[in-house]
Each structure stands twice: as C-alpha cells, then as structure tokens.
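Engineer: Below are the structure tokens for one structure; questions will follow.
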Amino acid sequence: IYRKYISERRKMKDKISIVVPCFNEEEVLPLFFRTVQEKVASRAFFEVEYIFVNDGSTDSTIEVLRELRQKNENVHYVSFSRNFGKEAALYAGLKEAEGNYVAVMDADLQDPPEMLLEMYQILISKDYDCVGSRRVTRKGEPVIRSFFAKMFYRVMAKISDVEIVDGARDFRLMTRPMVDAIISMAEKDRFSKGIFGWVGFDIKWLEYENIDRVAGHTKWSFKKLLKYALGGIEDFSSVPLKINLFFTALAFVSTLGLGTWMIVYAILGKYIPLLLSISSVISLFSMFIFIGLAVISAYIKKIYKESKGRPIYIIKEKK
Ligand code: UDP
Ligand code: MG
C-alpha cells in the first residue's frame, strides 16, 4: 500500500518545463544549465524539464545542447533551420513543453533562476495563474533606450486594450491553462509582451534589480528594438488607422473656412482670388479622399481583427 501511495505521489508530482530560447549562446549555456540544476532542480520537490530552442545559432550552440542532452534525460531541444526570432522560439518551446507549469527564461542568466522556487511557492499556495518578473531599474542601459522604452509603454497603455507592464520581462512561471491559452492565440506575427497580457489570468509581479548578462552580448540593436516596438503597436492597436478620421476633420475645417471666405467675397461683390478658389477646391476634394480612406480603414480594422483568429473568450475554470 505504501509503495502504491508513493507511486501515486510520484505521479502527482508537479513538473516544471523551462523554456529557453537560444541564439548564439554557446558561451553561457553550460553555465546556465549548471546554475539552474544547482539552484533549482536539485533543491526542488518538483520535476524539471528543459526545452531549449536553438533559434538558428551560427555558433556551436547546437553541439552544447547535444552534449547536455546526452548527460541529462530531462533536457530536450528543438533546433530551427535558421534564425526565426525569439518570438518564434518561445512559441515552439511552449508547444513542446509538457509540464503542468511552464517557465520562460533567457539563457544569459539575466533572469535569476532561484526566483523560480519563489514563483512556484506562490502559484501553489495562492490563487494566481502566473508569476511574472519585472525589473524596477534599468541600470546599465543607455539613457536614450530607457527613454524610448518608457515612451513605448505610455503610448501602448493609451492606444491598446491590453495591459503591458513597464519593465516586465518574459521571465515567468505559468500554469497549464494559461500556457494553453497562449498557444491558442493563433497569430503568426507574435508579440509575446502583448499576448501575455491579452489572455488575462491573474498575474503576480515580483520585482528585482536589473542584472547584466553573464557572457555573450545582447542581440538587440536600437533599430531592432524600435522595429519590435512598432510591431507591437501594429499587433495590438488599430488606433493608428484612425488617423484618417483626424485628417477628414482637418480637411473639413479648412474647406469650411475657405468656403466661407469665398462666399463673403462673393457677397461683397469682390473679385475672388484664383489662389483662394483653387485652395478651396483642393481642400474639398482632399476631404472626399480622406472620407473614403476613413471608410476603408473601418473595414480594414474588421479584417485586421478577424485575420488574427484570436479566441473569442478564454475559460479559466469550469465545473
Ligand atoms: N534570442 C533568440 N533569438 C533571437 C534573439 C535572441 O532566441 O533572434 C534569445 C537569446 O538567446 C536569449 C533571449 O532570446 O536567450 C534574450 O536575448 P538577449 O539576451 O539578447 O536580449 P536582452 O536580454 O538583451 O533583452
Ligand atoms: Mg538578455
């Protein structure tokens, strides 16, 4: 009976899948693995499974992964045919993960692994579905970059309906329902910061100070970050489409102004300057064009929403 009890317990043991996107991380991977094994896997009362995603690295990342796999059964990896970007790597990792809890973690040890234990404690003892991490300082980051990052979060909060927390990192531990919800987001062009917020669920934030990468270097140039931010806005807001409404209003006001001006001249029986009449006609027709564009935008917004194929609702609990 006791043995049966033990095996039952073992079956019930929680399993945490750690998803790690890797792009040219040969330098840090062995250290990453050793550290997580030491600080988490060996100390925890849950099982740990690693899902490394080799995102088309050009260094020997794949060899390091093969070696780790040989030494440890809990190591799994997926290797892409080329570099598809961190978002694709994350998605692949989440799909492969089998644990009832899933963690997302960078390979560079900027995310303190020991925090996983705390995250797990919170998830099993409190009514949260996800424990995320956010850095409260941007120490060691160029000032301009911090400024633009702040701007981005502020703009995003205004124009989109998802909440994106300033300083939130991808480093987080989630329950299975939340992971399934994220996978059910069918969009191909993925912006995880938005998706994590869009699916809802209760998130607890742990704060910590920024930590520098232990080795290797960041893959983010300023240009790449800017593109990423603009892409995020495109994915989670249709507000920019409204610009046509604004221009319509502008053209309307100017047409009205110029028109009144012409009528006044006509009433006074004065000669109407050629420039004035030409401007009024241009203004009037611009207004027509912008009305047309605004109508088209309204339909594009519908297409945009439909084409994302997002779930209509996400269930958290059902009995
Ligand atoms: N990464 C990836 N594909 C890419 C770029 C980055 O899988 O095209 C991985 C990278 O190996 C690391 C994580 O994403 O594990 C975060 O990258 P990085 O540390 O360069 O970003 P930062 O921490 O500076 O935001
Ligand atoms: Mg990093």
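Engineer: I want to confirm something. Restricting to region 26-40 and keeping residues that are touching a helix residue (DSSP H, G or I) at 6+ places or on another chain (Cβ under 7 Å) and under 18 Å from residue 96 (Cβ atoms), which single residue is most open to solvent (accessible area, probe 1.4 Å)?
Structural biologist: 33
Engineer: Please work out if residue 43 is modelled with pLDDT of 90 or more, surrounded by fewer than 16 Cβ atoms within 10 Å (Cβ to Cβ) and among the charged types (D, E, K, R).
Structural biologist: It is false that residue 43 is modelled with pLDDT of 90 or more, surrounded by fewer than 16 Cβ atoms within 10 Å (Cβ to Cβ) and among the charged types (D, E, K, R).
Quick grid of which residues meet (1) free of Cβ contacts under 8 Å to residues at least 60 places away in the same chain; (2) in contact with a helix residue (DSSP H, G or I) (Cβ under 8 Å, 6 or more places away or on another chain); (3) surrounded by fewer than 16 Cβ atoms within 10 Å (Cβ to Cβ); (4) not hydrophobic (A, V, I, L, M, F, W, C):
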{"residue": "192", "(1), (2), (3), (4)": "no, yes, no, yes"}
{"residue": "201", "(1), (2), (3), (4)": "no, yes, no, no"}
{"residue": "207", "(1), (2), (3), (4)": "no, no, yes, yes"}
{"residue": "246", "(1), (2), (3), (4)": "yes, no, yes, no"}
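Engineer: Any residue in region 304-319 that's under 20 Å from residue 128 (Cβ atoms): show its pairings with residues that are among the aromatic types (Phe, Trp, Tyr) at Cβ separation under 7 Å, as long as the two are six or more apart or on different chains.
Structural biologist: Pairs found: 316/201.
Engineer: Just checking, how many residues over region 220-244 are surrounded by 14 or more Cβ atoms within 10 Å (Cβ to Cβ) and over 18 Å from residue 159 (Cβ atoms)?
Structural biologist: 1
Engineer: While we're on this one: Mind checking which residues of region 95-118 are away from ligand 2 (no atom under 16 Å from the Cβ), open to solvent by 10 Å² or more (accessible area, probe 1.4 Å) and assigned to a helix (DSSP H, G or I)?
Structural biologist: 95, 96, 117, 118
Engineer: Of the numbered conditions (1) farther than 30 Å from residue 199 by Cα; (2) under 42 Å from the mean Cα position of the chain (by Cα); (3) of a type outside the set (Val, Ile, Thr), residue 308 satisfies every one except a single condition; which is it?
Structural biologist: Of everything listed in (1) farther than 30 Å from residue 199 by Cα; (2) under 42 Å from the mean Cα position of the chain (by Cα); (3) of a type outside the set (Val, Ile, Thr), residue 308 misses just condition (1).
Engineer: Working carefully through the options 251, 298, find the one that is open to solvent by less than 80 Å² (accessible area, probe 1.4 Å), part of a helix (DSSP H, G or I) and more than 30 Å from residue 184 (Cβ to Cβ).
Structural biologist: Exactly one residue qualifies, and that residue is 251.
Engineer: Which pairs turn up if I take residues in region 276-299 that are within 22 Å of residue 263 (Cβ to Cβ) and look for partners that are exposed (fewer than 12 other Cβ atoms within 10 Å of the Cβ) and of a type in the set (Gly, Ala, Ser) with beta carbon separation below 9 Å, at least 6 apart in sequence or on another chain?
Structural biologist: Listed by first residue and then by second, the contacts come to nothing, as the list is empty.
Engineer: Can you name every residue in region 134-184 that is outside any loop (DSSP other than H, G, I, E, B), hydroxyl-bearing (Ser, Thr, Tyr) and within 16 Å of ligand 2 (Cβ to nearest atom)?
Structural biologist: 146
Engineer: Restricting to region 71-94, count the residues that are open to solvent by 60 Å² or more (accessible area, probe 1.4 Å) and in a loop (DSSP other than H, G, I, E, B).
Structural biologist: Number satisfying all stated conditions: 6.
Engineer: For region 198-244, what are the residues that are within 16 Å of ligand 2 (Cβ to nearest atom) and at pLDDT 85 or above?
Structural biologist: 228
The values are calculated or read from the model by the stated rules, or taken from the named source; none is laboratory data. What you see is a predicted model, and the numbers here were worked out from it, not measured in a lab. Because the Cβ atoms are built from the backbone with ideal geometry, glycine has one as well, and the counts that use them run over all protein chains shown. To get the accessible areas, we keep the full protein, side chains included, count just its heavy atoms, and leave off ligands, DNA and RNA. Shrake-Rupley method; radii C 1.70, N 1.55, O 1.52, S 1.80 Å.
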